[in-house]
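K.L.:
I am attaching a structure below and will ask some questions about it afterwards.
Quick note: the coordinates plus some simple rules give every number you see, no bench work behind them. Computed from a prediction, not measured in an experiment: that's the story for all the values here. All Cβ positions, even for glycine, are placed from backbone atoms using ideal geometry, and neighbour counts span all protein chains on display.
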Amino acid sequence: MHARDVVVSIGTGHFKGKKKLLATILSVISVVLLLCLCGYYLWKKKKGRKMCERYEDVFNDNETEDSDKGSELQIFSFNVIVAVTKNFSESNMIGKGGFGLVYKGELSNGQEIAVKRLSKNSGQGIDEFKNEVKLIAKLQHKNLVRLLGCCISGEEKILIYEYMRNKSLDSLIFDQTRSVTLDWRKRFNIIVGIARGILYLHEDSRLRIIHRDLKASNILLDDDMNPKISDFGMARIFGGNQTQANTNRVVGTYGYMSPEYAMDGLFSIKSDVFSFGVMLLEIISGKRNNYYRDCRSMNLIGHVWELWKEDRILELIDSSMNISTSENEVLRCIQIGLLCVQEKAIERPNMSSVINMLGDDRTMPLPKQPAFCFWKGNYSDHPNSSTNWVDGCSRNEITLTELEARY
């Protein structure tokens, strides 16, 4: 054998060895990639199944009597929500709800939406989300905000609503510049619209619902100034013969809670009536419910009652309004407001009676001294102390087992 033949043989054998090693490596890599792909597919499938279970848990919870409308809601991906809110930018934030922030967004078709992102740190986040989706999805009324869809992604729980260009009622009536655009006719129509929305919840919908957190910031206004009730996270469904319920966990907003709810945890349709009465007086006066007159340590309800007793009630009316042709109607609404904030729930009218009183000139009962008429203590002590709220008619201090008030 020649030397050249030996070299060629050795070179060929070395090349075949490298080729075999390369083939082995490529085979291992292919197997690993295939396993990774299979694992990723199984993970996605499991995640999708869990996501479906979470949506089913939201839409098919057996606490509700009807479930036919839940599936009509649009399910948004989290990526879409991030895009339309510009990654939840502060410039897109338009408000704060009971359990999270609200952002403005615009879908690819040009539709404007309000995106409510529930707080991850909220102990009631999931319950809030389920409750709001279940209730709103089943309610259809022109004076209730319309839920368009929702999104669940990991710990993210998001509700998508129709966008209300005129924002919330409180941003209008308590703003000295914007409030001048609200003449009496517009305010009266807002009062009637809110009343009709509450009546629907209490008596006319398929579900009998107590809102429990009615306040000016939860009333949204559309382009035509039609009011729409929002934020149903604290709402509760009542059975056909149920008239009231109680809880050890009182949630709501100072100044809008009825005395029986704030002190004893009892809530009913009359709790919502009380909140409506407070809002009615706010709309007429342009003053917040926690308005105080320092000289007498008096809140808004107490201020209204003082003016009523002294026959000076016209002084309550927002000075930006001209009521020369509607004075009797305004006075009638003030009287309705006082009837709604009576201390005893049984002495407050139901919402059907309120609608009737708003719509005609029938004789109404005279109001008695309302609940939470006076505030006991120094003005500077008030903001965070529930024990300082004392009605002029009440005998005892207010004590709460647990209080979670929202502003």
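K.L.:
For LYS167, which sequence-distant residues (separation of 5 or more, or a different chain) have an amide H within less than 5 Å of its own amide H, given hydrogens modelled in the peptide plane?
P.N.:
Answer set, sorted by chain and number: LEU221.
K.L.:
Compactness ratio of the stretch 206-348: Cα Rg over 2.2 N^0.38 Å, N = residue count?
P.N.:
1.11
K.L.:
At 0.36 nm per residue, minus the direct Cα-Cα distance, what do ARG362 and CYS38 gain on full extension? Give it in nm, one decimal, please.
P.N.:
Net length gain for the segment: 109.2 nm.
K.L.:
With viscosity set to 1.567 mPa s and temperature to 4 °C, compute the Stokes-Einstein D of the stretch 133-184, Rh being the Kirkwood radius across alpha carbon pairs; µm²/s, no decimals.
P.N.:
In µm²/s, the coefficient is 95.
K.L.:
On to the next question. Estimate the FRET efficiency between GLU112 and SER27 by the formula 1/(1 + (r/R0)^6), using the beta-carbon distance for r and 45 Å for R0, to the nearest 0.05.
P.N.:
0.20
K.L.:
Quick check on packing: order 252-259, 358-365, 136-143 by the mean number of other C-beta atoms within 10 Å, highest mean leading.
P.N.:
252-259, 136-143, 358-365
K.L.:
A further question follows. Just to verify a number: FRET efficiency for ARG236 and LYS309, C-beta to C-beta distance, R0 = 22 Å, to 0.05?
P.N.:
Once the sixth-power term is evaluated, E becomes 0.05.
K.L.:
Here's something else I'd like to know. Beta carbons within 10 angstrom, averaged per residue: use that to sort the peptides 111-120, 210-219, highest first.
P.N.:
210-219, 111-120
K.L.:
With θ set to phi - 60°, apply the Karplus curve 6.51 cos²θ - 1.76 cosθ + 1.60 along the stretch 320-336 and write out the HN-Hα couplings as whole Hz, x wherever there is a Gly or Pro.
P.N.:
Rounded to whole hertz, the list is 6, 9, 9, 10, 4, 9, 10, 4, 5, 5, 5, 4, 5, 5, 4, 5, 4.
K.L.:
Right, something else. Sum up the charges of everything whose Cβ sits under 14 Å from the Cβ of ASN322, counting Lys and Arg as +1 and Asp and Glu as -1, but leave ASN322 out.
P.N.:
Summing Lys and Arg as +1 and Asp and Glu as -1 gives -1.
K.L.:
OK, next. For LEU207 and SER324, FRET efficiency with R0 = 41 Å and r from the beta-carbon atoms, rounded to 0.05?
P.N.:
That gives a FRET efficiency of 0.40.
K.L.:
For the pair LYS20/SER77, report the inter-label distance in nm, with labels modelled 7 Å from Cα in the Cβ direction.
P.N.:
With each label point 7 Å from Cα toward Cβ, the separation is 4.8 nm.
K.L.:
Still on this structure: Could you work out how far apart the two model spin labels at LYS186 and THR247 are, taking each label as a point 7 Å from the Cα in the direction of the beta carbon, and quote it in nm?
P.N.:
3.5 nm
K.L.:
Over the alpha-carbon set of the stretch 70-162, divide Rg by the Kirkwood Rh and report the Rg/Rh ratio to two decimals.
P.N.:
0.93
K.L.:
Rounded to the nearest 5, what % of DSSP beta bridges with both residues in the stretch 70-162 are antiparallel?
P.N.:
Antiparallel bridges make up about 90 percent of those DSSP assigns within the stretch 70-162.
K.L.:
Out of the GluC sites (Glu not before Pro) in the stretch 246-352, which ones are loop residues according to DSSP with at most 10 other C-beta atoms within 10 Å?
P.N.:
GLU310
K.L.:
Longer than 25 Å from Cα to Cα, which of LYS116/LYS167; LYS86/LYS120; LYS96/LYS344; LYS120/LYS270 are they? Say none if no pair is.
P.N.:
Pairs exceeding 25 Å: LYS96/LYS344; LYS120/LYS270.
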